[in-house]
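Any read-out appearing in this document is the output of simple, stated calculations on the displayed coordinates, not a laboratory observation. This one's a predicted model, so the numbers in the text were calculated from it and none came from an experiment. Quick reminder, even Gly has a Cβ in these numbers, built from the backbone with ideal geometry, and neighbours come from all protein chains shown.
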Amino acid sequence: MDFTPSEEQSSIRDLARGIFEKEVTPERVKTIELREDWFDRELWATLAEAGLLGLAVPESQGGMGFGILEVCVLLEEIGRVVVPLPALPTLLLGAMPIARFGTEAQKSEWLGPVAAGDRVLTAALVDAGSADVAQPATRAVRDGDAWILDGTKRFVLAGGIADRVLVPARTSEGCGIFLVDPSAAGVTITAQRVTSNEPVYMLDLAGVRVSDEDLLGGDAAAGGTTASWLHDHALVGIAATQAGVCERALEMTSRYVSERVQFGVPIGSFQAVQHRSADAYMDVLAMRWVTWRAAWKLHTGEDASREAWVAKFWAAEAGSRVVNATQHLHGGIGADVDYPVHRYFLWSKTLELALGSAMQQLAELGQDMARTGPQEQT
């Protein structure tokens, strides 16, 4: 396994970082965070013009035809600047499953507009009545040439600005994933604010009518497998974002401790500070390694559920250690909301808990190991 970025991946990273360094400032982020939709639409349009919103869109639909590795490169760069953008839900939870599992009509309707920055997508993976993403409690009942959906989904990213939400629901045949219009009759969306002030949404479905054309891939039986695929990709995308958040927070801290003078010398020369920084650096490296291993296995089409759980565990456990260290080493200024490092702490906490805390990932991993035994490492 070679973790050296390809030429294309390096170009994507350089392009995204160049845009963010030019466009994103702490003042701009602070302003966007105050918006009700928590969405920098101007920057979204800039990314579309640069082709970055088409990373997961096939070339036949006007995109670049890349996959999970390249999307994770972009997510890592977004984590470095903690700018409010619906990239993870739109590209990873929306465009990628439609590109892989959707009908030709669904691809034509949604993928081109995503690449152009004209559409926002997301998926509702957390079911209020079931902990198994592949066996949701939300129900879909056939009604002529349509379906009637009932159920509740929680923690839906970008639900208030999405044009469609991919909703897994149990059918008489198994499980299907439905492209639900959030403005449709019977849909109630309730915003809730998390630690970073990002709005996440509860989606209540009461007799929502969805046409056959909006059943992903026209398949009402195998959606459980697709939902598990989506869940693994979401965990890895969260881990990639967390890696960017922690890496940048540590860079800011390293600069600060080299400049902050106490007792006539930079505090970075103190052994305790060096040890704390070194531990955080090793955590960042470990986080990146397990994230890219999981992303690589997803890219090759292998079963990567265990690797996704490991990546999310490290994103939660090590991510918490890193940002706590950066806050501590900044002293009192770390708690100043006009100083940007606090924002990395808040983002990290949100990412730590998204789709399950560290202990939940260990529980999933342990249950899988007890059920299927050890696996050979490749």
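Using the Cβ-Cβ distance between residue 6 and residue 262 with R0 set to 35 Å, the FRET efficiency works out to roughly 0.20.
Residues 177, 267, ranked from the fewest to the most other C-beta atoms within 10 Å, line up as 267, 177. Note on residue 213/residue 42: beta-carbon distance plugged into 1/(1 + (r/R0)^6) with R0 of 35 Å gives a FRET efficiency of 0.60.
Using the Karplus relation 6.51 cos²θ - 1.76 cosθ + 1.60 with θ = phi - 60°, the per-residue 3J(HN,Hα) values for the range 67-82 come to x, 4, 4, 6, 5, 5, 4, 5, 4, 5, 5, 5, x, 5, 10, 6 Hz, with x marking Gly and Pro. Result for the chain in a Gaussian network model with C-alpha springs under 10 Å: among 268, 366, 176, the largest mean-square fluctuation is at 366. For the chain, the relative contact order comes to 15 percent (Cα pairs under 8 Å, sequence separation of at least 6). Simple spin-label estimate for residue 183 and residue 34 gives 2.8 nm between the two label positions (7 Å along the Cα-to-Cβ direction from each Cα). Taking other C-beta atoms within 10 Å as the exposure proxy, 359, 96 rank 359, 96 from fewest upward. Compared with the direct C-alpha span, the chain from residue 272 to residue 105 gains 54.1 nm at full extension, assuming 0.36 nm per residue. Taking the number of Cβ atoms within 10 Å of each Cβ as an exposure proxy, the fewest-first ranking of 289, 309 is 289, 309.
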